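What follows is a short report on a single structure.
The values are calculated or read from the model by the stated rules, or taken from the named source; none is laboratory data. Given the structure is predicted, the values throughout are model-derived calculations rather than measurements. Note: ideal-geometry Cβ built from the backbone for every residue, glycine included; neighbour counts use all protein chains shown.
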Amino acid sequence: MTVLLLCAVVLASTASFAWPRPNKDRKPAARPSRRRSPILALNEELFAARAQRNEACDALRAELLESIALVDQIPEGRAAGHVALALDVWSGRDFTLRNRAVGLGWLPFVDPPEHEETDETRVARLDRVYDLNKTERAEVEGMRDDLVGRFAYVAGLIAARIHAYPAWRLDFFDEHNVRIDLAAQVSAIAASAALLRDQRELLGEPPTGHLAKDDDVVGVYIEKARVLDSRADGLLRRVQAFAEYREVVDGVQKREDKRAWFDRVGAIDELEHAVDDVVNFSETDHLRGVAGNSAVLATLYLDTLEPLTASLTVSES
């Protein structure tokens, strides 16, 4: 019996050493932390920046359209001269090929007449509203929906709106040396947008495969992507400054409209109308007096005429 008890004690002691009880106070071993992907962080940063630019650009376009009367808005499928200019620069075409005399050049073996580029020709090219063909309509939609092409599109709209203001023809802008070349602004913004589009395509998508694990490759990609994104911010600021210039021209137009209104209603002479009012009042009293006298005389005349008519009737019978 004693031997059995000793064996039980030995087994219990051995088990306690072989199977230690878990320590409830012991913290679990910390797992190695995973480093956040720099490409993922970059994508989130660029996505937020692009969303802000898109919102700002859409606000500029909406504000611009509100400034145009409904009857003056250009319908879909047509484009003002400055919008057509932005489209041609964005698409890599020569804008001066528009609005040229063709003569019978559309016939086979007939050359178009010699074109002479003059100031009048350049102005007429921008004054026109162009009917866009199917290809050009698709190009306008593509430019308007592109991340940077929309800058060129809005710039064309702004220039076309400024060009349509009658006040834009005033000497005010030349006398104060504040007139800008609208076509040059549109061309510069559209060219910058097209270059930025090509540079984005050249950079391409983020590196994948073994290149995505190369810190040098990832670092260069992030640097280039941020440079291009910064250029997009700068281009938006230029379009915003262009829109602010349009607001100045709009203010000049409103003041010109007010001045013209005062000039028109200023021809109304209050004193002259006051004198005419007194004369009209006097004439009114005179006419009423004459009318009253005429009514009395007419009554007397009729009273006298009635028995005379009766006597004549009796004599005839």
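A few notes on this one:
- Lone qualifier among 202, 236 - being touching a helix residue (DSSP H, G or I) at 6+ places or on another chain (Cβ under 8 Å) and either in a helix (DSSP H, G or I) or modelled with pLDDT of 95 or more (or both): 236
- Scan of region 34-78 for residues that are among the small types (Gly, Ala, Ser) and assigned to a loop (DSSP other than H, G, I, E, B), ordered by number: 37, 67, 69, 77
- In the condition set (1) surrounded by fewer than 18 Cβ atoms within 10 Å (Cβ to Cβ); (2) basic (Lys, Arg); (3) under 21 Å from the mean Cα position of the chain (by Cα), residue 213 is compliant with all but (3).
- Number of the exception - residue 239 against (1) in contact (Cβ under 8 Å) with a residue 40 or more places away in the chain; (2) surrounded by fewer than 17 Cβ atoms within 10 Å (Cβ to Cβ): (2)
- Within region 85-112, considering residues that are at pLDDT 95 or above and in contact with a Gly (Cβ under 8 Å, 6 or more places away or on another chain), the one farthest from residue 161 (Cα to Cα): 90
- Scanning region 198-210 for residues that are crowded, with 18+ Cβ neighbours inside 10 Å and either charged (D, E, K, R) or under 30 Å from the mean Cα position of the chain (by Cα) (or both) returns a single hit, 200.
- With respect to (1) at pLDDT below 95; (2) closer than 21 Å to residue 96 by Cβ, the lone exception for residue 215 is condition (2).
- For first residues located in region 197-224 and without any contact (Cβ under 8 Å) to a residue 12 or more places away in the chain, partners that are not in a helix (DSSP H, G or I) and lie 6+ apart or on another chain with Cβ distances below 7 Å form the pairs 217/207.
- Among the residues of region 239-270, those that are aliphatic (A, V, I, L, M), part of a helix (DSSP H, G or I) and either farther than 27 Å from residue 176 by Cα or under 20 Å from the mean Cα position of the chain (by Cα) (or both) comprise 239, 241, 243, 248, 249, 252, 265.
- In region 256-282, residue surrounded by the most Cβ atoms within 10 Å (Cβ to Cβ) [restricted to those that are modelled with pLDDT of 70 or more and among the acidic types (Asp, Glu)]: 256
- Scanning region 163-180 for residues that are among the charged types (D, E, K, R) and either modelled with pLDDT of 95 or more or within 19 Å of residue 129 (Cα to Cα) (or both) yields a single hit, 169.
Results for (1) closer than 27 Å to residue 63 by Cβ; (2) exposed (fewer than 14 other Cβ atoms within 10 Å of the Cβ); (3) in contact (Cβ under 8 Å) with a residue 60 or more places away in the chain, shown as yes or no for each residue.
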position: 119; (1), (2), (3): no, yes, no
position: 135; (1), (2), (3): no, yes, no
position: 144; (1), (2), (3): yes, no, no
position: 148; (1), (2), (3): yes, no, yes
position: 153; (1), (2), (3): yes, no, yes
position: 159; (1), (2), (3): yes, no, yes
position: 170; (1), (2), (3): yes, no, yes
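- Among residues of region 245-261 that are at negative phi, those with a beta-carbon under 6 Å from a residue that is surrounded by 12 or more Cβ atoms within 10 Å (Cβ to Cβ) and of a type in the set (Ser, Thr, Tyr) at least six positions away or on a different chain give the pairs 249/165; 253/165.
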